[in-house]
Amino acid sequence: MKIKVIIHEAEEGGFWAEVPSIPGCATQGDTFEELLNNIYEAVEACLSVDMKEIEIKDKDRILELAV
């Protein structure tokens, strides 16, 4: 899966990034390398779903896709 990320230079130094395809998904880092690590964590957190909170009926199926 490829996701576009917009990276901004922060006025106070460092960087911050947003993921337009995932509303509310943003992160920051003091260095570009730190920002890259934080982007992966942010996207994973924004896309993760706690299955305990979802009602699944007997005939429902759960499918995981790798894209």
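The values are calculated or read from the model by the stated rules, or taken from the named source; none is laboratory data. Keep in mind the model is a prediction, meaning the values are calculated, not measured. Cβ coordinates were reconstructed from backbone atoms using ideal geometry, including for glycine residues, and neighbour counts include every protein chain displayed. The protein model used for the area step is the full one, side chains on, heavy atoms only, and it has no ligands, DNA or RNA in it. Shrake-Rupley method; radii C 1.70, N 1.55, O 1.52, S 1.80 Å.
Run through the chain and list the trypsin sites (Lys or Arg not before Pro) located in a DSSP loop whose Cβ has at most 14 other Cβ atoms within 10 Å.
Details: sites: Lys2, Lys4, Lys52, Lys57, Lys59, Arg61; in loops: Lys2, Lys4, Lys57, Lys59, Arg61.
Those satisfying the criteria are Lys2, Lys4, Lys57, Lys59, Arg61.
For a quick check of your reading of the filter: which GluC sites (Glu not before Pro) in the chain sit in a DSSP loop and have no more than 13 other Cβ atoms within 10 Å?
Values: sites: Glu9, Glu11, Glu12, Glu18, Glu33, Glu34, Glu41, Glu44, Glu53, Glu55, Glu64; in loops: Glu11, Glu12, Glu55, Glu64.
Sparse-neighbourhood loop GluC sites (Glu not before Pro): Glu11, Glu12, Glu55, Glu64.
May I ask you to derive the relative contact order of the range 1-47, considering only C-alpha pairs under 8 Å and at least 6 residues apart, and to give it as an integer percent?
On the way: 67 pairs, mean separation 12.8, N = 47.
The normalised contact order for the range 1-47 reaches 27 percent.
In whole percent, and with a 1.4 Å probe on the protein chains, what portion of the accessible area of the chain is carbon and sulfur? Display every interim value, and only then the final one.
Details: 3150 of 6070 Å².
Looking at the chain in its full context, I get 52 percent from C and S.
What are the ³J(HN,Hα) values, in whole Hz, obtained from phi via the Karplus relation 6.51 cos²θ - 1.76 cosθ + 1.60 with θ = phi - 60°, for each residue of the range 39-51 in sequence order, with x given for Gly and Pro?
4, 4, 5, 5, 5, 4, 5, 5, 8, 6, 10, 7, 5
Place +1 on the Cβ of every Lys and Arg and -1 on the Cβ of every Asp and Glu in the chain, take the dipole about the Cα centre, and give the residue among Thr31, Gly13, Ser48 whose Cα lies farthest towards its positive end.
Ser48
Taking only protein heavy atoms into account and a 1.4 Å probe, give the accessible area per residue of the chain in Å². Don't jump to the answer; show the numbers that get you there.
Details: 6070 Å² over 67 residues.
Normalised by residue count, the accessible surface of the chain is 91 Å².
Report, in deg cm²/dmol and to the nearest 500, the calculated mean residue ellipticity at 222 nm for the chain, where each DSSP H run with n ≥ 4 adds -39500 (n - 2.57) and the sum is divided by the residue count.
Details: 1 runs with 16 residues, N = 67.
Calculated from helices alone, the mean residue ellipticity at 222 nm is -8000 deg cm²/dmol.
7 Å from Cα along Cα→Cβ at both Glu53 and Ser21: what's the point-to-point distance in nm?
2.3
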